[in-house]
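All remarks here apply to the structure that follows.
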Amino acid sequence: MKLPKWIDRRLWRAIVEFKLIEAGDRVLVGLSGGKDSSFLLTCLRALQEHAPFPFDLAAVHVDQGFPDVVDLTPLTDLCAHLKVPLEILETQIYQMAFMQEGQSPCARCAYFRRGFIHNYARDHEYNKVALAHHLDDAVETFLMSQLFAGQLKTFQPKSYLTRTEVTVIRPLLYFREKEIKQAQRLVAFPPINTPCPYAGHSMRATAKELIGNLEKMNERVFDNLVVAMREGTKQDLWPAPLAKDEFRVLMADFWHTKQKLADKEDNME
Ligand code: SF4
């Protein structure tokens, strides 16, 4: 399959700029079966056919063990159609992550899911795990980090995990979510709908809605967040807060200087 030029260019831009895929890599795609990961697998398979260097490609799906059984046929059909080996991991993530009442399970759910994928990659000698995060995901994470964790950060295009010795790559980082939706016709089978009751009600969904609403007021909002997310952007931040001891020393200095000035003035009178 040949990809449309604009998709091909966008993928190669990320792959070359961040050195995501290199000759001899064994790449494992995290395939949830949703629109993003199905698109990623389709793109990487097309790329594999025309890339100037060889790399291996396979997919892994983590079955989270939801009570409602999910029909995985579109996903197995997609992999068969693309001739990509697929492994389905049966897990108890639903039981492990969803049983604490009153708390969103998303962080634990994502943590366990990542753990299963990374361990599988390590055990089966895949050196890269490709995830389908796109530009909207990166910007939403950047905003969520500020709003909910007080940190200026987002996930990296590529990160090496020392525990499993696997490198996580995100080849879709130059795609907007709406572009992936538009390009769904390239994916041979429909995406799977998640039975997760939290889908669409997570912190991420809140950040997405917030950005969407702000974009209605100013169409530059999203692009400005993308610029702010990159290193080298003009920063004008406050200095780091002082530790208690540092503050005490500074206070003592301040009063000492003030006293010295007052003494000097007294002596001059
Ligand atoms: S929305 Fe559901 S599946 Fe997605 S991270 Fe949250 S709990 Fe897990």
Note to self: Can you list residues from other chains, or at least 5 along the same chain, whose modelled amide H is less than 5 Å from the amide H of residue 167?
What the structure shows: 128, 129, 161
Note to self: Test of the criteria: in segment 162-207, which GluC sites (Glu not before Pro) are in a DSSP loop and have at most 15 other Cβ atoms within 10 angstrom of their Cβ?
What the structure shows: 165
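Can you tell me how much longer the chain between residue 240 and residue 17 gets when fully stretched, taken as 0.36 nm per residue apart minus their C-alpha distance, in nm with one decimal?
77.1 nm
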Margin query: Can you tell me, using C-alpha contacts under 8 Å and at least 6 residues apart, the relative contact order of the chain as a whole percent?
Written below: 21 percent
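Need one number: the % of Cα-Cα pairs in segment 1-84 sitting beyond the 18 Å mark.
Working: 1584 of 3486 pairs.
Value for segment 1-84: 45 percent of Cα pairs lie more than 18 Å apart.
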Check: Which is farthest toward the positive dipole end of the chain among 142, 52, 261, measuring Cα position about the Cα centre, with Cβ charges +1 (Lys, Arg) and -1 (Asp, Glu)?
Finding: 52
Check: Across the Cα atoms of the chain, what radius of gyration and what greatest pairwise Cα-Cα distance (Dmax) are found, in Å?
Finding: 24.5, 96
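When only C-alpha pairs under 8 Å and at least 6 residues apart count, what is the relative contact order of segment 27-146, in percent? Please list the in-between numbers first.
Working: 130 pairs, mean separation 37.8, N = 120.
Across segment 27-146, relative contact order equals 31 percent.
Highest first, please rank the peptides 241-247, 13-19 by the mean number of other Cβ atoms sitting within 10 Å of their residues.
Numbers: 241-247: 9.1, 13-19: 14.6.
Per-residue mean Cβ counts within 10 Å order the peptides as 13-19, 241-247.
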Item checked: Per-residue HN-Hα couplings for segment 162-174 [Karplus 6.51, -1.76, 1.60; θ = phi - 60°; Hz; x = Gly/Pro] -> 5, 4, 9, 6, 10, 9, 8, 10, 10, x, 8, 5, 9
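Once you sort the root eigenvalues of the Cα gyration tensor of segment 53-97 as a ≥ b ≥ c, which label holds: rounded (a/c under 1.5), prolate (a/b larger than b/c) or oblate (the other case)?
Values: a/c = 4.92, a/b = 1.86, b/c = 2.64.
Oblate shape, in that a/c is at least 1.5 and b/c is the bigger or equal ratio.
The numbers here are math on the coordinates, done by the rules we state, and not lab data. Bear in mind the structure is a predicted one, so any value in this text is a computation, not a measurement. Ideal geometry is used to build each Cβ from the backbone, glycine not excepted, and the neighbour counts take in all protein chains shown.
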